[in-house]
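Enquirer: Below is a structure I'd like to ask you about.
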Amino acid sequence: MTYVFGHSRGEDDSFAKLMRDLCFALRISLSKKRRLVAELEALGKREGAAKPLEHTRDIVARDAVTLGELVTLLAHAQVGMSLKADYVADVEENE
């Protein structure tokens, strides 16, 4: 039984690492897009930046929601890892 939960914890750890990497990459991407929004706002309507600005704002808003969902998934994965670690510790203590 310890092996099963140990293996499962390893999978959860891999999943959590992937989620951390995705969150980090999305944060960087969002930062760049927010900078682009600021540059497009500075250009204003004088150079036809209104439409690209609107689209970029929509993309930033969608990506911000996605990042929030990824952070939630990461938190769930970390809770699962903690629960399994506690269970393994209990099993090993009782052996």
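Enquirer: Taking Rg and Dmax of the Cα atoms in Å straight from the coordinates, which label in [x] 21.1, 75; [y] 16.0, 51; [z] 15.1, 47 is the correct one?
Expert: [x]
Enquirer: Relative contact order of segment 2-90: what whole-number percent is it, with Cα pairs under 8 angstrom and at least 6 residues apart? Present the calculation step by step, with values, prior to reporting the outcome.
Expert: Numbers: 51 pairs, mean separation 46.9, N = 89.
Across segment 2-90, relative contact order equals 53 percent.
Enquirer: Using Cα atoms only, what is the angle between the long axis of helix 2-43 and the major principal axis of the chain, expressed in degrees (0 to 90) to the nearest 10?
Expert: Orientation of helix 2-43: about 10 degrees from the principal axis.
Enquirer: Using Cα atoms only, what is the angle between the long axis of helix 50-94 and the major principal axis of the chain, expressed in degrees (0 to 90) to the nearest 10?
Expert: Value to nearest ten degrees: 10.
Enquirer: Let me know the charge dipole size of the chain about its Cα centre in debye, to the nearest 20, where only the beta-carbon of Lys, Arg (+1) and Asp, Glu (-1) is charged.
Expert: Working: 14 positive and 16 negative charges, 213 e Å.
Computed charge dipole of the chain: roughly 1020 debye.
Throughout, read-outs are computed from the coordinates displayed, never taken from laboratory work. Since the structure is predicted, the reported quantities are computational estimates derived from the model, not experimental observations. We place every Cβ from the backbone using ideal geometry, glycine too, and count neighbours over all the protein chains shown.
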